[in-house]
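Asks: Just dropping this structure here.
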Amino acid sequence: MTRAFYWLFPHPFLTLLLVAVWLLLQGTLSPGMAVFGLILGILIPWSTSVWWPGTPRGFRVGRMAVYIVIVLWDIMVANVQVAWIVLTKPNASLRPAWVVVPLDLRKPEAITVLAGTVTLTPGTVSADLSDEGHSLLVHALHTDDPDAIRDDIKHRYERRLLEIFT
């Protein structure tokens, strides 16, 4: 891509996302709304780009689509599991746990996606990131094996994010 392209579209994916969201919010597809959505999609990232630390490079959109499907599936399954725990287990028998997940991820965008994924999945929440960014503190609602939660996060999510954010 040329320098002029990145000057006009500092965050091209965000531009496309803003146009799509604008059109979805309108409820109807008309040429005027599409043009206005494109204008917003160009102006908002362009005018806010001075506050962004940099455009992420090496992002694999196809792998991210697979990741999103996996996360959505995990959210649905976890909703059922958490509902079952809430309905069948008395509070005294819950086994909450704090789990430290060492991170191989180094890109801030990837760490943010991982922390958001953990928090979006019912039954777990990202509570803290170490000062160096080398570990994530996760709280689990109920677990018999905290190590299994750590391993699941590393193998199910972090491994894929390492492939997405090259």
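The values are calculated or read from the model by the stated rules, or taken from the named source; none is laboratory data. This structure is a prediction, so every number in the text was calculated from the model and none was measured. Cβ: placed from backbone, ideal geometry, glycine included. Neighbour counts: every protein chain shown. Ligands, DNA and RNA are stripped out before the accessible areas are found, and what is left, the full protein with its side chains, is counted by its heavy atoms. Shrake-Rupley method; radii C 1.70, N 1.55, O 1.52, S 1.80 Å.
Asks: Distance between Cα centroids, region 24-45 to region 122-149: provide it in whole Å.
Replies: Here the two parts' Cα centres lie 39 Å apart.
Asks: Only Lys, Arg, Asp and Glu count, each charged at its Cβ (+1, +1, -1, -1), so figure out the dipole size of the chain about its Cα centre, rounded to 20 debye.
Replies: So the dipole magnitude of the chain works out to roughly 500 debye.
Asks: A further question follows. Using a probe radius of 1.4 Å on heavy atoms only, what accessible surface per residue do you get for the chain? Whole Å² is fine.
Replies: Averaged over the residues of the chain, the accessible area is 65 Å².
Asks: Using 7 Å Cα-to-Cβ label points, what is the Phe13/Asp147 separation (nm, one decimal)?
Replies: In this crude spin-label approximation the distance works out to 3.5 nm.
Asks: What does the extension gain come out to for Trp52 and Ala83, with contour length at 0.36 nm per residue minus their alpha carbon separation?
Replies: 7.2 nm
Asks: Can you list the residues, at least 5 places off or on another chain, whose amide H is less than 5 Å from the amide H of Ala127, using H built in the peptide plane?
Replies: When sequence neighbours closer than 5 places are left aside, the close amide H contacts are Leu137, Val138, His139.
Asks: Dividing the Cα radius of gyration by the Kirkwood radius, what Rg/Rh value follows for the chain?
Replies: Using only Cα positions, Rg/Rh for the chain is 1.07.
Asks: Output the peptides 146-154, 80-88 sorted from most to least packed, where packing is the average of other Cβ atoms within 10 Å over each peptide's residues. Write out the running numbers ahead of the final one.
Replies: Numbers: 146-154: 16.1, 80-88: 11.8.
In descending order of packing, they fall as 146-154, 80-88.
Asks: Take the Cβ-Cβ distance between Thr166 and Ala92 as r, set R0 to 41 Å, and report the resulting FRET efficiency rounded to the nearest 0.05.
Replies: For R0 = 41 Å, the calculated efficiency reads 0.30.
Asks: Hey, any idea what % of region 12-154's accessible area is carbon plus sulfur with a 1.4 Å probe?
Replies: Of the solvent-accessible surface of region 12-154, carbon and sulfur hold 70 percent.
Asks: Which whole-Hz couplings ³J(HN,Hα) result when phi for each residue of region 140-145 is put into the Karplus expression 6.51 cos²θ - 1.76 cosθ + 1.60, θ = phi - 60°, listed in order with x for Gly and Pro?
Replies: With the stated coefficients, region 140-145 comes to 10, 5, 7, 7, 8, 9 Hz.
Asks: Kindly write out, for region 153-160 in residue order, the coupling ³J(HN,Hα) from the Karplus curve 6.51 cos²θ - 1.76 cosθ + 1.60 (θ = phi - 60°), rounded to whole Hz, with x marking Gly and Pro.
Replies: Result, rounded to whole Hz: 5, 5, 7, 7, 10, 4, 4, 5.
Asks: Let me know the shape class of region 96-166, please: from the alpha-carbon gyration tensor, a ≥ b ≥ c as square roots of the eigenvalues, rounded when a/c is under 1.5, otherwise prolate if a/b is greater than b/c, or oblate.
Replies: prolate
Asks: List the residues whose amide H sits under 5 Å from the amide H of Leu103, counting only those 5 or more places along or on another chain, with H placed 1.01 Å from N in the peptide plane.
Replies: Ser135, Leu136
Asks: Residue by residue through region 122-132, which ³J(HN,Hα) values in whole Hz follow from phi under the Karplus form 6.51 cos²θ - 1.76 cosθ + 1.60 (θ = phi - 60°), with glycine and proline marked x?
Replies: Taking θ as phi minus 60°, the curve returns x, x, 9, 8, 6, 9, 7, 10, 4, 4, 7 Hz for region 122-132.
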